[in-house]
1. Is segment 40-60 home to any residue that is open to solvent by less than 50 Å² (accessible area, probe 1.4 Å), assigned to a strand (DSSP E or B) and at pLDDT 80 or above?
2. Restricting to segment 6-39, count the residues that are more than 9 Å from the chain's Cα centre (by Cα) and part of a loop (DSSP other than H, G, I, E, B).
3. Give the residues of segment 19-42 that are out of contact with any strand residue (DSSP E or B) (no Cβ under 6 Å at 6 or more places or on another chain) and of a type in the set (A, V, I, L, M, F, W, C), sorted by residue number.
4. Consider residue 6 carefully, then state whether it is touching a Lys or Arg at 6+ places or on another chain (Cβ under 8 Å), at pLDDT 90 or above, within 14 Å of residue 77 (Cα to Cα) and among the hydroxyl-bearing types (Ser, Thr, Tyr).
Amino acid sequence: MPTEITSVSIMGGSELDFSQAVFTSQQVTIRVFCLFGGDNIYVPENVNVVSRAFCILGGNTIDLPPVIHRRQVPTIV
């Protein structure tokens, strides 16, 4: 898995599924730009997730169980 991923969706959407990903670094950064559409990002349970979303005329939903930040697992930003 690369350390940085960029996704651009215009008048549509995308799905990023990391449920079977093999992480080679402790942090992966995903940059998503979506205009008039929506993106779904699926992550496995054994990672930390940090969201820095900024939405105009839209929103986001983060559906994760409460997790205490763990140092020994990968982090998706």
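1. Taking segment 40-60 and keeping what is open to solvent by less than 50 Å² (accessible area, probe 1.4 Å), we get 43-44, 47-48.
Okay, now just the ones that are also assigned to a strand (DSSP E or B), so 48.
Subset that is at pLDDT 80 or above: 48.
Checking segment 40-60: at least one residue is open to solvent by less than 50 Å² (accessible area, probe 1.4 Å), assigned to a strand (DSSP E or B) and at pLDDT 80 or above.
2. 12
3. Let us first name the residues in segment 19-42 that are out of contact with any strand residue (DSSP E or B) (no Cβ under 6 Å at 6 or more places or on another chain), namely 20-26, 36.
Within segment 19-42, 21, 22, 23, 36 meet the criteria.
4. Working: touching a Lys or Arg at 6+ places or on another chain (Cβ under 8 Å): yes; at pLDDT 90 or above: yes; within 14 Å of residue 77 (Cα to Cα): yes; among the hydroxyl-bearing types (Ser, Thr, Tyr): yes.
So residue 6 fits the description; yes.
The values are calculated or read from the model by the stated rules, or taken from the named source; none is laboratory data. Since the model is a prediction, treat every value here as computed from it, not as a measurement. So basically every Cβ, Gly included, is an ideal-geometry build from the backbone, and we count neighbours across all protein chains shown. SASA here: full protein model, heavy atoms, side chains in, ligands and nucleic acids out. Shrake-Rupley method; radii C 1.70, N 1.55, O 1.52, S 1.80 Å.
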